[in-house]
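What follows is one structure encoded as structure tokens, with my remarks underneath.
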Amino acid sequence: MSDNKQFFETITKSFEDVPITEAGVDTAAFCEAAENLVKIFSLFGNPAFAVVQSDLTNNIAKVRAYLAANPESGKTLESLLAAEKAAHPNLKDRKASEGLMWLLRGLKFTARGLRHNLQNPTEELSVSFTKGYEDSLKKWHGMMVRPVFYLAMKACPYRATFYPKLGTPESEVLPKLEAWLSALEEIVKREEGVFKAGNYGEI
């Protein structure tokens with residue numbers, strides 16, 4: 001990314017651009033926005049975050065695979081969940097739904113980490129993302145996985161290093177980050193309700 005190119009100018013789809021209708025959240029657009037979110041971790045500049053990126057990417061792939069095979073019933077996240085549940089009563093047999101559940105958990109973790117950091121201007125990313133991990137993904141991880149994620153949290157860059165990588169001037173970039181993050185949070189919150197109401201699992 002060139003010095004004068006802001007991160008939000010390089011992504012092909014923002015969470016702000018994901019269509020949400022009465023039928024639900026557009027699956028293809030959601031997956032594209034999530035793929036662009038994964039790129040933020042590349043700005044962290046540390047290989048420890050490969051585990052986070054890999055986790056998100058693998059779960060996006062599961063949702064995309066269902067959409068490719070079932071373009072009609074997979075059109076929205078809501079229709080995907082309903083159709084797969086009707087076809088497979090057991091959650092373990094619902095690969096796309098399980099992938100979506102873990103993807104949303106990962107997105108929730110990312111959103112929490114960034115939100116903590118924006119709300120606490122003197123807090124380092126390592127502290128913010130550790131908090132984000134502890135009130136999102138941690139409870140779903142076993143004793144083998146937690147240390148891997150804690151290691152990644154410690155590898156967060158200093159905020160003085162990270163924010164300039166999003167672009168300059170900061171006065172232009174921060175409002176874009178806020179809008180992108182708010183749209184992400186709204187989708188995660190909506191889907192938490194959908195999962196709970198449909199008994200699809202917990203995010």
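The values are calculated or read from the model by the stated rules, or taken from the named source; none is laboratory data. Since the model is a prediction, treat every value here as computed from it, not as a measurement. So basically every Cβ, Gly included, is an ideal-geometry build from the backbone, and we count neighbours across all protein chains shown. Heads up: the accessible areas ignore ligands, DNA and RNA and are worked out on the full protein's heavy atoms, side chains in. Shrake-Rupley method; radii C 1.70, N 1.55, O 1.52, S 1.80 Å.
Would you mind working out the accessible area per residue for region 125-180, using a 1.4 Å probe, and quoting it in Å²?
So region 125-180 comes to 53 Å² accessible per residue, rounded to a whole number.
Which FRET efficiency value, to the nearest 0.05, is calculated for ALA87 and GLU9 with the Förster distance at 30 angstrom and r the Cβ-Cβ distance?
Plugging the Cβ-Cβ distance into 1/(1 + (r/R0)^6) gives 0.15.
Would you be so kind as to identify which of THR10, ALA29, VAL51 lies farthest towards the positive end of the dipole of region 1-57, taking Lys and Arg as +1 and Asp and Glu as -1 on Cβ and the Cα centre as origin?
Value computed over the given set: VAL51.
Of all accessible surface on the chain at a 1.4 Å probe, what whole percent is carbon and sulfur?
55 percent
At 25 °C and 0.890 mPa s, what whole-number value in µm²/s does Stokes-Einstein give for the translational diffusion of region 105-203, with Rh from the Kirkwood sum over Cα pairs? Before the final figure, lay out each step's value.
Numbers: Rh = 14.6 Å.
Using the Kirkwood radius from Cα pairs, D works out to 168 µm²/s.
Percent of Cα-Cα pairs more than 14 Å apart in region 59-122, please. Could the numbers behind the result be given before it?
Working: 1217 of 2016 pairs.
In whole percent, the long-distance tail amounts to 60.
Which residues' amide hydrogens lie under 5 Å from the amide hydrogen of GLN6, considering only partners 5 or more residues apart or on another chain, with H built in the peptide plane?
Here the answer is none, since no amide H 5 or more places off falls under 5 Å of that of GLN6.
Quick one: go through region 168-203 and flag any residue whose amide nitrogen is under 20 Å from the point 7 Å out along the Cα-to-Cβ line of ASP135.
178-193, 202-203
To the nearest 20 debye, what charge dipole does the chain have about its Cα centre, counting +1 at the Cβ of each Lys and Arg and -1 at the Cβ of each Asp and Glu?
Magnitude of the dipole: close to 700 debye.
Points 7 angstrom from Cα along the Cβ direction at LEU118 and LYS95: gap in nanometres?
Taking the simple label geometry, LEU118 and LYS95 are separated by 3.5 nm.
Once the Cβ-Cβ distance between VAL145 and GLU192 is put in as r, and R0 is 30 Å, what FRET efficiency do you end up with, to the nearest 0.05? Don't skip to the end; give the middle numbers.
Values: r = 22 Å, r/R0 = 0.72.
The value I calculate is 0.90.
Relative to the first principal axis of the alpha-carbon coordinates of the chain, what is the inclination of helix 50-69, with its axis defined by its Cα atoms, in degrees from 0 to 90 and to the nearest 10?
Roughly 30 degrees between the two axes.
Note down the net charge around PHE44, summing +1 for each Lys or Arg and -1 for each Asp or Glu among other residues with Cβ under 13 Å from its Cβ.
Summing Lys and Arg as +1 and Asp and Glu as -1 gives +3.
Given 37 °C and 0.692 mPa s, how large is the Stokes-Einstein diffusion coefficient of region 1-61 in µm²/s, with Rh as the Kirkwood radius over Cα pairs?
257 µm²/s
Roughly what angle does helix 125-134 make with the longest principal axis of the chain, taking Cα atoms, 0 to 90 degrees, to the nearest 10?
So the inclination is approximately 20 degrees.
Suppose only helical runs count, i.e. DSSP H with n ≥ 4. What mean residue ellipticity at 222 nm does that imply for the chain under -39500 (n - 2.57) per run, divided by all residues and rounded to the nearest 500 deg cm²/dmol? It would help to have the intermediate numbers written out before the result.
Details: 9 runs with 127 residues, N = 203.
Result for the chain: -20000 deg cm²/dmol, rounded to the nearest 500.
How high is the FRET efficiency from SER182 to TYR158, r the C-beta distance, R0 30 Å, rounded to 0.05?
The computed FRET efficiency comes out at 0.75.
Kirkwood hydrodynamic radius (Cα pairs, Å) of the chain?
17.5 Å
How much net charge surrounds ASP93 when only other residues with a Cβ under 12 Å from its Cβ are counted (Lys, Arg +1; Asp, Glu -1)?
Working: positive: LYS85, LYS92, ARG94, LYS95; negative: GLU84, GLU98.
Cβ neighbours under 12 Å give a net charge of +2.
For region 27-139, just run the numbers: alpha carbon Rg, then divide by 2.2 N^0.38 Å, N being how many residues it has.
Cα-based Rg divided by the globular estimate yields 1.17.
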